[in-house]
Amino acid sequence: MSDQKPLRIVGQPVERADAHAKVTGRARYTVDLAKPGMLHAKVLRSPHAHARVVSVDIAAAAAMPGVRAVTTGPQLAEWVAMPVYGYFIKDQPILAMDRVRYEGDMVAAVAADTEAQANAALALIRVEYAALPDLPDIDAALDTDAPDLFPETPRGVVPPYGQGASAQLWPRKNVCYAFRYASGNASVFERCDHVFDDEFRFSRMNHLHLEPFVCVAEWREGDEIEVVTSCQNPFPLRKEIARIFRLAESRISVKVPFVGGGFGAKNNCKTEPIALVLSKMTGRPVRFCMTMEEGFLTNTQHAAVLKLKTGVMADGTLVARQSHILLDSGAYSDASPLVAEKAGYRVSGPYRYQHVESLCECVLTTTTPAGPYRGFGGTQATWASESQIDMIARRLGLDPMEMRLKNLVALHEPWMPGESGVDSDMAEGLALVAEEIGYDRPRDAAPGWSRGRGLAIGFKDGGGVNKPAQARVKVSTGGDIHLMCGTVEIGQGARTALAQVVAEILGAPLARVEYLPLDTRYTPFDQGTNASSAITVMGQAVQRAAVSVRNQVLQMAAEHLGTDAAALELEDWTIRHGNEAHPLAPMIMHIYGGTGFEFTGDGFHKQANDHQAPLETKSVFWEIGWAGVDLSVDRETGQVKIHALAVSGDAGRAIHRLVCRGQDEGAALMGLGQALFEQMVYDGSRLINGEALMYRVPLAEDLPDRFTSILQEQGHGPGPFGAKGMGEGTMLPVPPAIANAIEDAVGVRIRDLPLTPERILSAIVAAQG
Amino acid sequence: MSLISKDGALRVAFTLNGRETTVETVTSRVLSDLLRDDMNLKGTRVSCGRTVCGACSVLVDGFPRAACSTFAFEVEGRDVQTIEGVEAPDGTLDPVQAAFAAKSAFQCGFCTSGMILLAKSLLATHPDPDRATIIAWISSNICRCTGYELIVEAVQDAARAMREGPKS
């Protein structure tokens, strides 16, 4: 930007663009949509974790009142070209073909006039199963005697990787993907003063987005498709639909209204293929809305086992780290290969090493498929990494904060060979949270309790890998601004922030910018709303589109006024030329005549391809979350009382401070739940708390006594006006910061999440011998 | 039951957002379906469907109820307020709505209708609630996005605005 003027809209406390719609209840989500003649879909789910499907009898169900269509996996061949989908590996059937692989796998689907009729029909479908041994967890799946979950290997692809990175499909039984990264020489381990081996376990959470998985699909005459869906990545979804039904993408309209939360879950196919099949069968619109209980059976975070071997000098200088991560991918690959890439890549954290080597494997088990989840592998990696850093510091008799400061990658220093430079001063953030929680203050505690403080830094590459984004800005004769881009408003504030960028550049009031409804037939291409990418990737595309429009307008005005565009300024759809003001509408009517004109600017952004970069593009930005915790532990019960939780993120430049704050606080509280109590509990392969009452998420009453988020604006971001992405960073460091504070308080180290009183108490008892 | 008329239909008469309303429905109809599907009042959101998350909260005689788990016939003779009835007839936002908007005390917005009604119910009886009271009160509802802190602050802001009265 050439503008040196003070910013009018960026960074100002403007009201969010979606505020009025959301506080009045007028906001419309996919779940609100109804169409004339619409049918309702319901699916029959497997009661077995692993079984052969011997036969399915749908005759009685099909004869039920109100039932318009019933289908099963083997019958899909009549309606689809490809009955399977998946990100890198096409292994997940739309409906089970000959085998079910987890409790909840979908076996048959019904469309009926009402949901009640559809449910009644499901009860009459007779399925004969032949049970097979289940694989409830990573250890069971890797056992030499374990059955093969996929006797016939599904096809898949490995994306291109650059310096030091590689991956392999199906490297061993029940492992669908293995990612490797290495840098430097392993021989440096030999001259380390100490080498520490530690193992950590990470439990899995459900996303618990409040708007369910839902779509309304309509297969129209002439093979035209419209799908309105609660989805984070409409363009990749369009590609999957085109492949499944062998249809041109130009015949597919994927529309996304407001989305009621996703946190990663709403990527790729969920409800859409089944709804489309049923619509194609019946010629009527079909709504498929899952219950919250079904949500638990659809997508989860990855549980993990992480083994770290870290070599260090006696003074605390980190030298080398080797990591082996096993992700519990559940029954289908879903986004596991991508999560493995990130967990494997990020596991060395924000520190400088001479050698790192990591292997991350995706292990298939007979549980709910795991997929994208806020933090995307970084959460698992940070849990292990930041726990071990603290443990090493204590073993060496060093202060954990000092040891961190000694090893942090410096501002602008490439994180790994071939990578972009780190765009935050990480020591600055650490000092802020340490100060906020009184890191050095005396550790006073109530009788029977012990006080402790802990720190951690979450570190991830941000903005997505190889992620293109396109945007279009149109301004009509009277100065009404149309912003067209594929970023989904999922709550993160993208409509507001991107509109602020456009209004700033065009010198327009924010209210003039309309964020147009997302429809893949008309909206410019975008890879998806994920990876905290909206402001840095889409933001740059939007910025370029707006600058293009401004330049066109100034050029037109300069020619009309017989001057140079550089002498002109655009302000509230008026050209300023020294002391003169020329309203644009009459000028445009004069030049273009008729009913006027529309200026259109296109913008595109993608980080450049770069084979020197490990993931083929340098990280767009670095998303860093700092956390500090002050707590007490009841030595009698293992109960934890959090006195203060301080988190911090670096927005680079905050386009909207309250929106940034909300992202940091929401992510931190999700991390607090992960740390202390929230988890999906399995009895073997059976999920036993997969519904709202039994599955505990953080409530307001779980807020710590003091909960502070410190918004930094260090100014080094690549996005418009120096912005960086937000929204995931502060989730990552919270669980290890709490575990570190617990060790500080009572001298025991908990390596498994969540940090329950039972675990803490038994560790205290064990330590007392 | 007296709600059943001579022709066998279930008629429920209640006050909805200040207006006398009579609906013909069936005994199995829950309030959230009646509002959303029969009356097109989509601002009442349904998430868990079993009284846990609070997204579907409406006010019945001024107190929050989970519309997903309240039968339509239960509101016979009662006063029901939904999010659609919170703003003034001229479209002026209620102080609670205005505070949520100004504070960005929402993200995806799916819990927002319920949270606003919850806050209104609290402030009707506690014009100056302390932080602990607000936290206890809103802990009946799940917000998965915000981390609650901005919601607590918005309720405090709304309380202050209501005590100070409308600005001239």
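The values are calculated or read from the model by the stated rules, or taken from the named source; none is laboratory data. Here the structure is a predicted model, which is why all the values come from computation and not from measurement. Note that each Cβ is placed from the backbone with ideal geometry, even for glycine, and that neighbours are counted across all protein chains shown.
Details
- Hits in segment A:10-25 (condition: within 7 Å of chain B (Cβ to nearest Cβ), surrounded by fewer than 19 Cβ atoms within 10 Å (Cβ to Cβ) and either in a loop (DSSP other than H, G, I, E, B) or modelled with pLDDT under 95 (or both)): A:Glu15
- Count - residues of segment A:753-762 that are assigned to a helix (DSSP H, G or I) and either more than 11 Å from A:Ala739 (Cβ to Cβ) or not assigned by TED's automatic domain parsing to the domain that holds A:Ile738 (or both): 4
- Residues in segment A:134-147 that are in a loop (DSSP other than H, G, I, E, B) and under 16 Å from A:Asp683 (Cβ atoms): 4 in all.
- Among residues of segment B:23-55 being closer than 14 Å to B:Gln81 by Cα and of a type in the set (Ser, Thr, Tyr), the one that is nearest to the other protein chains (Cβ to nearest Cβ) is B:Thr44.
- Which listed residue is assigned by TED's automatic domain parsing to the domain that holds B:Val30, under 18 Å from B:Ser47 (Cα atoms) and modelled with pLDDT of 95 or more, from B:Phe106, B:Phe110, B:Phe71: B:Phe71
- Scope segment A:189-228; condition among the polar types (S, T, N, Q) and touching a helix residue (DSSP H, G or I) at 6+ places or on another chain (Cβ under 6 Å); matching residues: A:Asn206
- For A:Phe150, the conditions (1) more than 18 Å from A:Tyr332 (Cβ to Cβ); (2) part of a loop (DSSP other than H, G, I, E, B) are fulfilled apart from (1).
- Meets criteria (surrounded by fewer than 22 Cβ atoms within 10 Å (Cβ to Cβ), more than 30 Å from A:Ala118 (Cα to Cα) and free of Cβ contacts under 8 Å to residues at least 12 places away in the same chain) for A:Ala248: yes
- Among the residues listed as A:Lys266, A:Lys270, A:Lys280, the single one being of a type in the set (D, E, K, R), outside any strand (DSSP E or B) and within 14 Å of chain B (Cβ to nearest Cβ): A:Lys266
- All positions within segment A:251-260 that are surrounded by 22 or more Cβ atoms within 10 Å (Cβ to Cβ) and away from chain B (no Cβ under 14 Å): A:Ile252, A:Val254
Residue-wise test of (1) touching a Pro at 6+ places or on another chain (Cβ under 6 Å); (2) over 24 Å from A:Gly464 (Cα atoms); (3) not acidic (Asp, Glu).
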{"residue": "A:Ala242", "(1), (2), (3)": "no, no, yes"}
{"residue": "A:Phe245", "(1), (2), (3)": "no, yes, yes"}
{"residue": "A:Ala248", "(1), (2), (3)": "no, yes, yes"}
{"residue": "A:Val254", "(1), (2), (3)": "yes, no, yes"}
{"residue": "A:Val259", "(1), (2), (3)": "no, no, yes"}
{"residue": "A:Asn268", "(1), (2), (3)": "no, no, yes"}
{"residue": "A:Leu278", "(1), (2), (3)": "no, yes, yes"}
{"residue": "A:Gly283", "(1), (2), (3)": "no, yes, yes"}
{"residue": "A:Val286", "(1), (2), (3)": "no, yes, yes"}
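- Scanning segment A:319-339 for residues that are touching a strand residue (DSSP E or B) at 6+ places or on another chain (Cβ under 7 Å) and farther than 26 Å from A:Leu132 by Cβ, we see that the one that is surrounded by the most Cβ atoms within 10 Å (Cβ to Cβ) is A:Val339.
- Single unsatisfied condition, A:Ile505 versus (1) in contact with a helix residue (DSSP H, G or I) (Cβ under 6 Å, 6 or more places away or on another chain); (2) over 30 Å from A:Ser183 (Cα atoms); (3) not in a helix (DSSP H, G or I): (3)
- Number of the condition not met by B:Thr44 [criteria: (1) in a loop (DSSP other than H, G, I, E, B); (2) of a type in the set (S, T, N, Q); (3) within 25 Å of B:Gly91 (Cα to Cα); (4) without any contact (Cβ under 8 Å) to a residue 40 or more places away in the chain]: (4)
- Qualifying positions in segment A:667-725 - aromatic (Phe, Trp, Tyr), facing chain B (nearest Cβ under 10 Å) and either over 15 Å from B:Tyr148 (Cβ atoms) or within 21 Å of the chain's Cα centre (by Cα) (or both): A:Tyr695
Results for (1) more than 32 Å from the chain's Cα centre (by Cα); (2) away from chain B (no Cβ under 14 Å); (3) in a strand (DSSP E or B), shown as yes or no for each residue.
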| residue | (1), (2), (3) |
| --- | --- |
| A:Pro6 | yes, yes, no |
| A:Ala61 | yes, yes, no |
| A:Arg68 | yes, yes, yes |
| A:Gln75 | yes, yes, no |
| A:Ala96 | no, yes, no |
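- Given (1) crowded, with 20+ Cβ neighbours inside 10 Å; (2) away from every other protein chain (no Cβ under 14 Å); (3) not in a helix (DSSP H, G or I), index of the condition A:Ile742 fails: (3)
- Residues that are among the small types (Gly, Ala, Ser) and closer than 30 Å to A:Val228 by Cα were ranked within segment A:26-57; the one that is farthest from the other protein chains (Cβ to nearest Cβ) is A:Ser46.
- A:Gly729 vs. criteria assigned by TED's automatic domain parsing to the domain that holds A:Leu645 and at positive phi: no
- Looking only at residues of segment B:125-168 that are charged (D, E, K, R) and either within 20 Å of the chain's Cα centre (by Cα) or not in a helix (DSSP H, G or I) (or both), we find that the one that is nearest to B:Cys53 (Cα to Cα) is B:Arg144.
- Of the residues in segment A:211-218, not one is at pLDDT 95 or above, touching a Cys at 6+ places or on another chain (Cβ under 8 Å) and over 30 Å from A:Ile688 (Cβ atoms).
- Residue within segment B:100-119 that is more than 10 Å from chain A (Cβ to nearest Cβ) and closer than 30 Å to B:Val12 by Cβ present: yes
- If you go through segment B:81-120 and keep only what is within 23 Å of A:Asp664 (Cα to Cα) and part of a loop (DSSP other than H, G, I, E, B), you end up with B:Ser104, B:Ala105, B:Phe106, B:Gln107, B:Cys108, B:Gly109, B:Phe110, B:Cys111.
- Segment A:508-532, residues that are in contact (Cβ under 8 Å) with a residue 24 or more places away in the chain and part of a helix (DSSP H, G or I): A:Leu510, A:Arg512
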